[in-house]
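Let me begin by presenting the structure, written as structure tokens, before commenting on it.
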Amino acid sequence: MAKKQFKAESKRLLDLMINSIYTHKEIFLREIISNASDACDKLAYKTLTEGSAVNRSELGIAIHLDREKRLILVGDNGIGMDKDDLENNLGVIASSDTFRFKEEMKSEEKETDAIGQFGVGFYSAFMVADEITVRTKKYGSDTAYEWVSSGADGYTIKECEKDTIGTDVIMHLKDDTEDEKYSEFLDEWRIKELVKKYSDYIRFPIVMDVTKSRKKEGGDPEKPEYETYTEPETLNSMEPIWNRPKSKVKDEEYNEFYMQKFHDYEAPRKVISISAEGNVQYKALLFIPSNVPYDYYTRNFERGLQLYSGGVMIMEKCADLLPEFFQFVRGVVDSPDLSLNISREMLQHDRQLKLIAQNLEKKIKSELLKLLKDDRESYEKFWTNFGRQIKYGVAENYGAKKDLLQDLLMFRSSNKEGFVTLDEYVADMKDDQKYIYYAAGDSAEKVAKLPQNEKFKADGIEVLYFTEEVDEFTAQILAKYKDKEFKSILDGDLDSEKAETEHKGVYEFVKNALGDKVKEVRASARLVSHPVCLVAGEGLSFEMEKYFAQVQPDSGIKADRILELNESHPIFAKLSDAIEHDEEKAKKYASLLYDQAVLIAGLPLDDPSAYTDLVCELIG
């Protein structure tokens, strides 16, 4: 029997497919099972259209392992192949009968879930096998055929004995090496793991004889003996939970699926079920976790949803389906409309993928707003866990998504115990209030104690507390909300700052004493009981200065410092008296007041030792 050469041009093409197209060797099982599933689908369709007696419920896939002979058999009782099919499908690399079948369905305006499109999935088995035997018998035929190949050197086809229709793919595994342990694919637990991972939702049962243990009958109950036995076990669940109508799925089922699938110990905070028709068809089941994943704020965290096509997992984490600001969302997306690349491990970036991502983005936002409206306490817990990510989403890409995200934002404030949304803040503003006021600091407790807050509290004006690095960047990107601009009460350009004074000489003296440390010294209209405060000039705030000091320590970026003095405080009278009678002491007062203002602003002192010496000197 003469060996035939592949009709594809050369060994190089097969080597490329075996060694370059697929990232993980374990993918071979997914590909072979998917081909078996397609064969069952084709027979089911054929019998449906021809009125045959074949029952769909009788179709399935079987896996057999032979560790001694190093064989894996994946068999199906689907449509099968004749000699011409073997020549066309396995003798021509990158020729796909499934692709032709799908095109035929399109021409008849019918849908099918058949998966294979490129005709190369079968050859992935050569990543782990040094010889592959295919025994097959086509539906309606009396003759079976055997196709054998050891790779790029060609193949043989001959008649063989096979009682039933369908196809058996028998893979002889390569010998183990130091780098590759092919024997792992002969372990029952490994095969079960791979079927669960990639092929759990194939619509036909995948059955394998599984070794189990039981007590021997008639033994001593106090010293029981155990024996092993094997029995057939269906490895896949077949129907995805996201394909079932939402009304038919209990909350407990969603929770159990989430916790098992994504290895979480607590039920999700929110479940989002989507079934979309129209320009792109897909189903999605998304979850918002109750807790922050342990690696969420590390470089090791990978965002993305599990991506399925026809019940077969294509990608473990498809990052393109989720923007970074929603990267906390977990879940699955299943679509028959995706343009997969040749290995089915990656997606071609096409219109369908972008449409799904855009739709998911809008749906997640709407569900979060619903949670905010219906369960405020739960939303605030969500915000505590993941709010920072949404703030970064507002700030990134020059605010490209600010309109989408701004209604989700929450902040602590001076008037409420919990959080306040921007919508709530604006709704509670005084009639003559021009701005959305905020103050930035290390914590809400510290911000609440800032001297600049006193006047606003006295006037009953609410102030948002910005306690994270990203907050001020978020406000700058937003610029305004519902036509109300954001304004920091720590900035020097507030309308309320303008205070009349008869003590211009005092401010000139202090400015000369401090020199370049301050841009300006002036009377304050915002201080009530505190003697002094430091406010930032136009542009850079003190919190931004701290941020740049962390990320670019040598940049020397600093905000302009404006020192404000409270003329009604007793220390101002002492300063004025010292200027008149003891200028050296007055300079020390000026330096002390400046250092105190720096400390209140949360900024580092230039010389802490000199400051403590000065305090001791003035006390003495």
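Answer yes or no: is there a residue in region 225-232 that is surrounded by 15 or more Cβ atoms within 10 Å (Cβ to Cβ), farther than 25 Å from ASP84 by Cα and within 40 Å of the chain's Cα centre (by Cα). No, region 225-232 contains no residue that is surrounded by 15 or more Cβ atoms within 10 Å (Cβ to Cβ), farther than 25 Å from ASP84 by Cα and within 40 Å of the chain's Cα centre (by Cα).
Exactly one residue out of ASP606, ASP582 is within 19 Å of LYS511 (Cβ to Cβ), at pLDDT 90 or above and surrounded by fewer than 17 Cβ atoms within 10 Å (Cβ to Cβ), and it is ASP582. Do we have any residue at all in region 236-244 that's of a type outside the set (Val, Ile, Thr) and part of a helix (DSSP H, G or I)? Among the residues of region 236-244, at least one is of a type outside the set (Val, Ile, Thr) and part of a helix (DSSP H, G or I), which makes the answer yes. Every listed requirement among (1) touching a residue at least 40 places away in the same chain (Cβ under 8 Å); (2) crowded, with 17+ Cβ neighbours inside 10 Å; (3) out of contact with any helix residue (DSSP H, G or I) (no Cβ under 8 Å at 6 or more places or on another chain) is met by MET208 save one, (3). Picking from residues in region 127-143 that are without any contact (Cβ under 8 Å) to a residue 40 or more places away in the chain and either more than 21 Å from ALA36 (Cβ to Cβ) or part of a strand (DSSP E or B) (or both), the one that is least open to solvent (accessible area, probe 1.4 Å) is THR133. Among the residues making up region 139-161, those that are within 16 Å of ILE79 (Cα to Cα) and modelled with pLDDT under 95 are TYR139, GLY140, SER141, ASP142. For region 169-185, check the following and say yes or no: at least one residue is assigned to a loop (DSSP other than H, G, I, E, B), at pLDDT 95 or above and open to solvent by less than 50 Å² (accessible area, probe 1.4 Å). The answer is no; no qualifying residue exists. In this structure, is ALA475 part of a helix (DSSP H, G or I) and either touching a residue at least 12 places away in the same chain (Cβ under 8 Å) or in contact with a Cys (Cβ under 6 Å, 6 or more places away or on another chain) (or both)? Yes, satisfied.
Scan region 526-563 for residues that are open to solvent by less than 30 Å² (accessible area, probe 1.4 Å) and within 21 Å of PHE486 (Cβ to Cβ) and the total you get is 12. Within region 280-294, one or more residues are at pLDDT 95 or above, over 23 Å from ALA357 (Cβ atoms) and among the small types (Gly, Ala, Ser). Total residues in region 418-455 satisfying the condition of being among the small types (Gly, Ala, Ser) and over 33 Å from the mean Cα position of the chain (by Cα): the figure is 2. Taken over region 150-181, residues that are under 22 Å from ILE61 (Cβ atoms) and of a type outside the set (A, V, I, L, M, F, W, C) amount to 8.
The values are calculated or read from the model by the stated rules, or taken from the named source; none is laboratory data. Note that this is a predicted model, so its numbers are computed, not measured. Backbone-built Cβ (ideal geometry, glycine too); neighbour counts: all protein chains shown. Please note that ligands, DNA and RNA were not included when accessible areas were found on the heavy atoms of the full protein model with its side chains. Shrake-Rupley method; radii C 1.70, N 1.55, O 1.52, S 1.80 Å.
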